[in-house]
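S.K.: Please read through the structure below; I'll follow up with questions.
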Amino acid sequence: MTKETVLIIGANGQIGLELAESLRNIYGQDHVISADLKTIDQPGVIYERLDVLDKDRMYAIIKKYNVTQVYLLAALLSATAEQKPKSAWNLNMEGLFNVLDAAKEGIIKKVYWPSSIAVFGPTTPRVNTPQYTVMEPNTIYGISKQAGERFCEYYFQKYNVDVRSIRYPGLIGWKSAPGGGTTDYAVHIYHEALKNKSYECFLSEQTELPMMYMHDALKATISLMDAPAEKVKIRSSYNIAGMSFTPKQIAEEIKKHIPDFTISYKTDFRQAIADSWPASIDDTYANKDWGWKPDFDLVKMTDDMLKNLK
Ligand code: NAD
Ligand code: SER
């Protein structure tokens, strides 16, 4: 069996730092290359500074390490993208083209690229949002993710590129910080609860959004990448669900551990982004095609987050 070598682009962000650790446990330290614009001191980690928009350098790194799979995580997330629409579109699309082209040219064998619940929009049914439904995103981030999904499917159908993708909900973990999304509050709230026993939330108390614990996001990503190709029937991106909650509900759960914790609300531009997204997700296809099932709900996640952050 040929040994896989994995290149993670955007490896020093919220997902990348944790995904790299999991992939190192699977493929070995020497077979996981972390690449990012941002440098972090991580002893023993093979790191290359890379701007994903620099196609020549990306190809050189792929060749240097005989990379077989690329996980493309470099992107601008929803809140930052609204502030910098042109850079967001450029990074989110051109970065993807560079990686898809490498696969089309046969330089790499497999691509992972995450999409998001942001592909849905205000005209999408909000509860139990189906895999196939109305999709009219009204954020730059959502528009770039939807276009990205279309291109992934196109490269699969036209050029047989083995590209796999998941529409992540808001991700929550204790090991790394979130990078400019609308769901970031659900990470900050745990830190602030432990540090200050209070949190001012930028979304309103009844804003329900789909969320997922990082453990489950990594499990889903690795299961999808490991699944036999014929089981991966959707080549745009899979809906997956973990849990759904409002700021009020997460605060109530935290109060069970920190009784004097208080939450207040001061909404900003991120409220409009959240209001355009689903409240919950139907993930029947992911379950049927490659056996997706989450392990964590709000109760279990809160317990684990607070235990580890302490
Ligand atoms: P993040 O912002 O935490 O990390 C992105 C990383 O990419 C950063 O380390 C950044 O330095 C790097 N980067 C930025 N521009 C780059 C460039 N030009 N070249 C190389 N590296 C560059 O983001 P994340 O939360 O880890 O998200 C990773 C992916 O998952 C993104 O595509 C995002 O849209 C998607 N996603 C994330 C969430 C979530 O809740 N975190 C939810 C849905 C989808
Ligand atoms: N968590 C992401 C964001 O808020 C969703 O893709 O941008």
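The values are calculated or read from the model by the stated rules, or taken from the named source; none is laboratory data. Just so you know, these numbers come straight off a predicted model, no measurement behind them. Using ideal geometry, Cβ is built from the backbone for each residue, glycine included, and neighbour counts are taken over all protein chains shown.
S.K.: What are the residues in the range 255-310 that are among the small types (Gly, Ala, Ser) and touching a Leu at 6+ places or on another chain (Cβ under 6 Å), if any? Steps first, please.
M.R.: Initial filter on the range 255-310 (among the small types (Gly, Ala, Ser)): 264, 272, 274, 276, 279-280, 286, 291.
ALA274 - this is the single residue of the range 255-310 that is among the small types (Gly, Ala, Ser) and touching a Leu at 6+ places or on another chain (Cβ under 6 Å).
S.K.: Okay, next question. Quick one: which of ILE26, ILE117 is farther than 20 Å from ALA227 by Cα, at pLDDT 95 or above and either of a type in the set (S, T, N, Q) or out of contact with any Cys (no Cβ under 9 Å at 6 or more places or on another chain) (or both)?
M.R.: ILE117
S.K.: How about the range 130-142: which of its residues are touching a residue at least 24 places away in the same chain (Cβ under 8 Å) and either more than 14 Å from ligand 2 (Cβ to nearest atom) or out of contact with any Phe, Trp or Tyr (no Cβ under 8 Å at 6 or more places or on another chain) (or both)?
M.R.: Step one: filter the range 130-142 for residues touching a residue at least 24 places away in the same chain (Cβ under 8 Å), giving 130-131, 137-142.
Residues satisfying the conditions are PRO130, GLN131, ASN138, THR139, TYR141.
S.K.: Does any residue of the range 122-141 turn out to be surrounded by 21 or more Cβ atoms within 10 Å (Cβ to Cβ), among the polar types (S, T, N, Q), farther than 25 Å from VAL70 by Cα and at pLDDT 95 or above?
M.R.: Taking every residue of the range 122-141 in turn, at least one turns out to be surrounded by 21 or more Cβ atoms within 10 Å (Cβ to Cβ), among the polar types (S, T, N, Q), farther than 25 Å from VAL70 by Cα and at pLDDT 95 or above.
S.K.: Can you pull out the residues in the range 181-197 that are of a type in the set (D, E, K, R) and under 25 Å from PRO85 (Cα atoms)? Give the derivation first.
M.R.: Step one: list which residues in the range 181-197 are of a type in the set (D, E, K, R), which gives 184, 192, 195, 197.
Once the filter is applied, which keeps residues that are of a type in the set (D, E, K, R) and under 25 Å from PRO85 (Cα atoms), the range 181-197 yields only ASP184.
S.K.: All but one of (1) away from ligand 1 (no atom under 13 Å from the Cβ); (2) in contact with a helix residue (DSSP H, G or I) (Cβ under 8 Å, 6 or more places away or on another chain) hold for GLY148, so report the exception by its number.
M.R.: Checking GLY148 against (1) away from ligand 1 (no atom under 13 Å from the Cβ); (2) in contact with a helix residue (DSSP H, G or I) (Cβ under 8 Å, 6 or more places away or on another chain), the one that fails is (1).
Residue by residue, here is whether (1) charged (D, E, K, R); (2) away from ligand 1 (no atom under 14 Å from the Cβ) holds:
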site	(1), (2)
ILE61	no, no
VAL70	no, no
ALA74	no, no
GLU82	yes, no
TRP89	no, no
LYS104	yes, yes
ILE107	no, yes
TRP113	no, no
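S.K.: Can you tell me which residue among MET225, MET214 is at pLDDT 95 or above, in contact with an Asp or Glu (Cβ under 7 Å, 6 or more places away or on another chain) and closer than 30 Å to ASP162 by Cα? Let's see the steps before the verdict.
M.R.: Numbers: MET225 fails: in contact with an Asp or Glu (Cβ under 7 Å, 6 or more places away or on another chain).
The conditions single out MET214.
S.K.: If we only count helices (runs of 4 or more DSSP H) wholly inside the range 1-85, which ones have 2 or more residues that are closer than 24 Å to ASP216 by Cβ? If you could, list the steps in order and put the result at the bottom.
M.R.: On the way: elements: 14-27, 55-65, 78-83.
Filter on the range 1-85 gives 14-27, 78-83.
S.K.: Under the condition of being more than 16 Å from ligand 2 (Cβ to nearest atom) and among the aliphatic types (A, V, I, L, M), which residue from the range 155-200 is nearest to the chain's Cα centre (by Cα)?
M.R.: Of everything passing the filter in the range 155-200, VAL163 is nearest to the chain's Cα centre (by Cα).
S.K.: Could you list, in sequence order, the residues of the range 115-126 that are in contact with a Gly (Cβ under 9 Å, 6 or more places away or on another chain) and either assigned to a loop (DSSP other than H, G, I, E, B) or closer than 19 Å to ARG57 by Cα (or both)? Full working, then the answer.
M.R.: Residues of the range 115-126 that are in contact with a Gly (Cβ under 9 Å, 6 or more places away or on another chain), as a first pass: 115-121.
Once the filter is applied, which keeps residues that are in contact with a Gly (Cβ under 9 Å, 6 or more places away or on another chain) and either assigned to a loop (DSSP other than H, G, I, E, B) or closer than 19 Å to ARG57 by Cα (or both), the range 115-126 yields PHE120, GLY121.
S.K.: While we're on this one: Tell me yes or no: at least one residue of the range 271-283 is under 17 Å from TYR190 (Cα atoms) and touching a helix residue (DSSP H, G or I) at 6+ places or on another chain (Cβ under 9 Å). Walk me through it before giving the result.
M.R.: Taking the range 271-283 as the starting set, the residues that turn out to be under 17 Å from TYR190 (Cα atoms) are none.
Checked the range 271-283: no residue is under 17 Å from TYR190 (Cα atoms) and touching a helix residue (DSSP H, G or I) at 6+ places or on another chain (Cβ under 9 Å).
S.K.: If you take the residues in the range 201-234 that are buried (at least 19 other Cβ atoms within 10 Å of the Cβ) and of a type in the set (Ser, Thr, Tyr), which one is nearest to the chain's Cα centre (by Cα)?
M.R.: Residue satisfying both the conditions and the ranking: THR221.
S.K.: Here are some residues: GLU94, GLU82. Which one is modelled with pLDDT of 95 or more and within 16 Å of ligand 2 (Cβ to nearest atom)?
M.R.: Details: GLU94 fails: within 16 Å of ligand 2 (Cβ to nearest atom).
The match here is GLU82.
S.K.: Something else: Out of the range 29-52, which residues are surrounded by fewer than 22 Cβ atoms within 10 Å (Cβ to Cβ), at pLDDT 95 or above and among the acidic types (Asp, Glu)?
M.R.: ASP30, GLU48, ASP51
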